[in-house]
Amino acid sequence: MSSSISALADISDTSAGGKAYGLARLVSMGLPVPPAFVLRDASADEFPQELEQCYLDLGKAAVAVRSSALGEDGQDASFAGQYDTVLNVTGTQQLRDAVSQCVASASHERARSYQREHTGGGTVTMNVVVQAMVDARVAGVVFTADPVSARRDLLVIDAVAGLGEALVSGEATPDHYGVNDSGSIVRRQLSGAAPLLSDREIAAIAEQARAAAKHEGHPLDLEWAIDQDGTLYWLQARPITTLPADLNAFDTVLPRPDDVLTISNVSEMMPGAVCPLTGSFTGWGIDYGLQHMQVAVGARPAIEKDWQVTAWAYGHLFLNMTGNVVMSAAVLGSSVEQAAQSLCGRLVPELKPFPPKPLPQRVLNTVKLLRYCLRAPRVVDNFGRELERFVIEEKQDSAAMWAELAGKSAFFDHAMAVHIQSSALSGFLCSIVENMVSGRSNDSTGEEQAEAVRLLAGASGVESAVMLEELDRLVDRIVAHPEVRASFQRAAVADALAWLANTPGIAADYAAFMRDHGHRGYRELCMRDPAWSDDPAPLIQSMQAAVHARLVTGGHTQLHAQAIDWSSLSRGLRWVLPRAHNAIRRREHTKSQLVDVGHRFKRGFRRLGELLQDEGALPEADLVNFFSTEELPGFVAAPNEAAVARAVARREALDYQQRLEFPEISVGMPTPLEVRSIDTSAGVLHGRPASRGTVEGLARVAHTLGEAAALQPGEILITPITDIGWTPYFSLIGGLVTDLGSVVSHGAVIAREYGLPCVVNSRDGTRFFRTGDRVRLDGDRGTVERL
């Protein structure tokens, strides 16, 4: 086929190549594009007769000659940099030479290799765009979705002085700007003393680029230039080919646009981002349980199907504090200050109260609240009997397995409601203890908070502490074995597990521990993360670290509970404190029961995934976790490749979501934190005291259990939050600091059991300190100081 020439206005599909089609689409939107034409099926040695006239029609100015091969700048592959571009071409002969160079570049080895990897190879049809050059003052690229974080609400611009080719080639360091979806400039990283773009120019680039992306229906990567007169031109447009699924695909809608959300509290139960199955199953279960409490006390007329008390954004779960404080308007003696202290361990000025209900209604609701709390022991006892009878049967085909799971999913919501009712009584009595210690309502000092914590830590028989005692005894038995170093402490995890399960004396203790606590683990209510019984590797790894610490130091931190001098307490405290201890025990017991129910469901969902894989509906069983509970019935009934592709893209998106961090408090839907500097000049960080005592030592900053595996004896662990999966490391550390949490958080409770100094809700501990810093942790004052 001989070469021909088309105007951009005549191109209506990708037959002229992705680059030409992208420019044609920009022209059709009315965006400013330098004049250009396209050589279709270009040849290195034969040129259309009208080539010279088309070139002259561009105004005798210098032109850019760019490849526009079939498949280039498409949805599946960008071919960025694979083919040649020639700039500042003048005259007919230079134009012909430039076209020949572009055509020849399709045969270069780098391009052929890329073709084989992304398209399977084959003959390339090369089209060429000839476009008038812009006398650029500044040029660059704009991505309507951030290709690094995969955030589609964040547009990013890179700009260099002069032509944009210096940016593409890497010869120049660009200014970098970020613009959020409301048009605010949230990122400004300059390469020189002065910005290359004004705020007005940034806004114009962002507005026009987003309009183009909206028109095309997908995120775009666009090249632009601003000439010496300040006119913005668009030079290229292509789809962003490297994005995973939309990080906000499952964002819930807030009941009110200015609701106040927190990452605290719920992040202890479910730290980090969650897969769609966990969000739709566990996330909704939390919302159901909290709504159930509000309905029981008259604060809400009925449970609504739309999320009211929790939220889901960027794959992360949040607690809707505004949705929680409807209680404060419905009962006597409750306030937004109390709710903030309970949920975040501090006052939250952004949280505003609802107008109070009429006094008679609040009196009646207060009676309902007391009855709700006081009935918790009986409800918990009844639930224990229900749990004994609860079974999820293993079916032999996916349809039957889904029917089994769907038919029994309400039991998980019920378990959540029971745990929340148990927790409500515990929180109610613990607040009374703190108020009695301080003599004031919700206005205690750090020292008074620490004293209340000490009294509450006197509860014995708490399930989490019992687990610690059993684990400590097991580790002691392992340390005493003559083969411990070679067969366990230094062994690979799989070999250490085999030795543990087959060594007389130790094997029985390990089996007993797993029988009682095997349903526990890291991110316990995540449907994707296995419990210790299904994947003991994290537990074994932490036990190896604990054994190593005992062998190095000759001992370990012992479980510790300071005796309470009951005679020194007031009559009121002597009455309420034992009841608070009972409530704490009950709360920990229902937490374990809830995790047990969740463990049974995660095994059921895993079975569903395996059946779908066996039936050929899924290539991997793990992909079942990337469907929501609303999507699963349709997919099980009629599997399709498009749904599988979405699940694969969502799994890729989860890795991006896990990297996002959020402020403790958000007004409206949360926005991920930008990387920010922390002022460390004072050297002291303040948090909430959670376990008394002072300790000095080296810091170990660990965001994950994998990083925690490097802990050395006596180090002070600084981490965003802990859950039960971190428990084995507590006999190893010298103290604990968490970014989030309260005095009843997992880390605080276990730190008190071991007598470890602990500060929670430090907010920035993992940013303020680095591994290897020498620090002083003061659990009485709630401070952490770099020495």
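The values are calculated or read from the model by the stated rules, or taken from the named source; none is laboratory data. Every value quoted in this text rests on a predicted model; they were computed, and no experiment measured them. Cβ: placed from backbone, ideal geometry, glycine included. Neighbour counts: every protein chain shown. To get the accessible areas, we keep the full protein, side chains included, count just its heavy atoms, and leave off ligands, DNA and RNA. Shrake-Rupley method; radii C 1.70, N 1.55, O 1.52, S 1.80 Å.
Key figures
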item	result
Spatial extent of the range 597-637: Rg and Dmax, with the Cα atoms as the point set, Å	9.8, 29
Cα convex hull of the range 572-655, projected area averaged across orientations, nm²	8.0 nm²
Most positive-pole-ward Cα, THR366, GLY298, GLY706, against dipole of the chain from beta carbon charges	THR366
Segment ALA486-ALA511, extension gain: residue separation times 0.36 nm, minus the distance between their alpha carbons	6.8 nm
Relative contact order (percent, whole number), the chain, Cα cutoff 8 Å, 6+ residue spacing	11 percent
Accessible surface of the chain [probe 1.4 Å, protein heavy atoms]: carbon and sulfur percent	50 percent
Near-label residues of the range 506-522 by backbone N, under 12 Å of a point 7 Å along Cα→Cβ of ALA494	none
Selection from ALA645, ASN582, LEU611 lying farthest towards where the dipole of the range 579-673 points positive, charges on Cβ	ASN582
Residue (of PRO663, MET133, ALA104) at the positive-pole extreme of the chain, dipole from beta-carbon charges	PRO663
Cross-link pairs LYS368/LYS408; LYS357/LYS591; LYS305/LYS357; LYS368/LYS602; LYS305/LYS408; LYS214/LYS602 - those with Cα-Cα distance over 27 Å	LYS368/LYS408; LYS357/LYS591; LYS368/LYS602; LYS214/LYS602
Amide hydrogen neighbours beyond the local backbone of ASN127, cut-off 5 Å, H modeled	ASP41, ALA42, SER68, ALA69, LEU70
Residues whose placed amide H lies under 5 Å from that of LEU220, excluding near-sequence neighbours	THR144, ALA145, ILE240
Cα-based radius of gyration of the chain once divided by 2.2 N^0.38 Å, which approximates compact folds	1.13
Degrees, to the nearest 10: 446-456 long Cα axis against longest axis of the chain	60 degrees
DSSP beta bridge pairing in the chain, given as percent antiparallel to the nearest 5	90 percent
VAL186 accessible area, assembled protein chains, probe 1.4 Å, Å²	60 Å²
Solvent-accessible heavy-atom area per residue, rounded to whole Å², over the chain at 1.4 Å	41 Å²
Stretchable slack from THR694 to THR242, in nm (0.36 nm times residue separation minus alpha-carbon distance)	157.8 nm
FRET efficiency, 1/(1 + (r/R0)^6) with R0 60 Å, evaluated for SER567 and ARG187 via beta carbons	0.50
Residue-span extension gain [VAL552 to ARG378] - 0.36 nm each, minus C-alpha spacing	57.8 nm
In Hz, Karplus ³J(HN,Hα) per residue of the range 23-32 (6.51, -1.76, 1.60; θ = phi - 60°; x = Gly, Pro)	5, 4, 5, 5, 4, 5, 7, x, 7, x
R0 of 30 Å, Cβ-Cβ distance GLU447-PHE354: FRET efficiency to nearest 0.05	0.35
FRET E, pair ASP10, HIS218, Förster distance 30 Å, beta-carbon r, rounded to 0.05	0.80
Nearby aspartates and glutamates by direct alpha-carbon distance to LYS352 (threshold 12 angstrom, same-chain neighbours under 8 apart not counted)	ASP258, ASP259, GLU337
For a label point 7 Å along the Cα-to-beta-carbon line of VAL253, residues of the range 300-333 with backbone N under 11 Å	306-307
Ordering of 483-493, 334-344 by packing [mean C-beta count within 10 Å, highest first]	334-344, 483-493
Bins of 10 Å, starting at 0 and running to the largest distance - Cα pair percent for the range 6-48	29, 51, 17, 3
Estimated [θ] at 222 nm from DSSP helical runs (n ≥ 4, -39500 (n - 2.57)) normalised by residues in the chain, nearest 500	-13000 deg cm²/dmol
